[in-house]
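The structure under discussion appears below in the form of C-alpha cells.
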Amino acid sequence: MASGGPSPPPSLSVSRTGTPSEGAAASEPKQAVICVYCGACPGNTPIHMETARALAEHMAANNMRLVYGGGTVGLMGEVAKTLVSLAGTDSVHGIIPEALVKWERDDTYQSVNPTNGMRLPEEAVYGRTTVVKDMHTRKRMMAQEVFAGGPGSGFIALSGGYGTIEEILETTTWVQLGIHSRGICLLNINGFYDGILEWIRRAVADGFIKDGNANLLVTANNAADAIAALRDYTVPESTFKLEWSKT
C-alpha cells in the first residue's frame, strides 16, 4: 500500500480498555473490524496470496468486517474479493485516494459513482469503495472504523512494501502515544518481517524503545493466530497516558 507520510492523529480516540469514546451504546453488540495493510502486488511466491485468502476466510468465519486501502490488485484485492465472496458486499469497505483510482483503473472497475461518473471497483466483487482526496484522509477513516468496531478489532499487516510498513508502524506509534488500544499484528509469513522484528530488538537494546513497549507490535505465523492475537491484545502500562480526545 502506498505511503502518504505521517498522518495527524485520528479524531476518534479509544479508551485504554479498547472501548470507543464515541459512538453507539455499549449495550449494542458490535461487529469486529480489521484494517488490513498489505501490498498492491501479489509477491513472487504463492504463499502471500494464499495467506491473504486464508485471512479473509478466517474473518468470514468470525463475522468480522474488513476496511482496507481499496483497489483490486495484489494482496489488497485478493483479501477483499475473497471476503466479499464469503460474507457479502457489506463485509468490505475500501478507501482509496482519487489519484490511485486514476492510476490503477482497469477492467475490474465496473461500477460508476453517480455523482461524478468516476469508475470504481465492482461492488459485487470487491465491496463498497469510498474515494477520498488524499492519503491522510484514507488512513484516518480506516483507523476510525477500527476504533468504532467491536471486541477483537485491530490492525493486521500482510506482506507488503514501504506503504505497508509505514502504516503499521504509525498505528503502533499511536498505541505508544495513548491514542488507541486496538491490537496490531504482523502476519509474518515465511519470516517476511524478521528484519523488522530484529530492528525492534536492537532499538530496545540501544535504548530507543522502552523494554515494556517491545511487544506493542505482536506477530503471528498464520491467519488464525493473527485474529487471536488481536482478541488477546493488551496495552502495557509503559505507554504514554495522554488525553488526545481533549487536545
Worksheet, complete the sentence: Flagged in segment 218-247 as within 19 Å of Thr51 (Cα to Cα) and either modelled with pLDDT under 95 or assigned to a loop (DSSP other than H, G, I, E, B) (or both), in numbering order, are Asn221, Asn222
Practice prompt. Working carefully through the options Ile196, Ile209, Ile227, Ile184, find the one that is out of contact with any Ser or Thr (no Cβ under 9 Å at 6 or more places or on another chain), of a type in the set (Val, Ile, Thr) and under 15 Å from Ile34 (Cα atoms).
Written response: Ile227
Worksheet item: Taking the stated definitions as given, is Thr173 out of contact with any strand residue (DSSP E or B) (no Cβ under 7 Å at 6 or more places or on another chain) and either surrounded by 15 or more Cβ atoms within 10 Å (Cβ to Cβ) or part of a helix (DSSP H, G or I) (or both)?
Response: yes
Practice prompt. Kindly establish whether Val73 is among the aliphatic types (A, V, I, L, M) and at pLDDT below 95.
Written response: yes
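The values are calculated or read from the model by the stated rules, or taken from the named source; none is laboratory data. On a predicted model such as this, the values are computed, not experimentally measured, just so you know. Because the Cβ atoms are built from the backbone with ideal geometry, glycine has one as well, and the counts that use them run over all protein chains shown.
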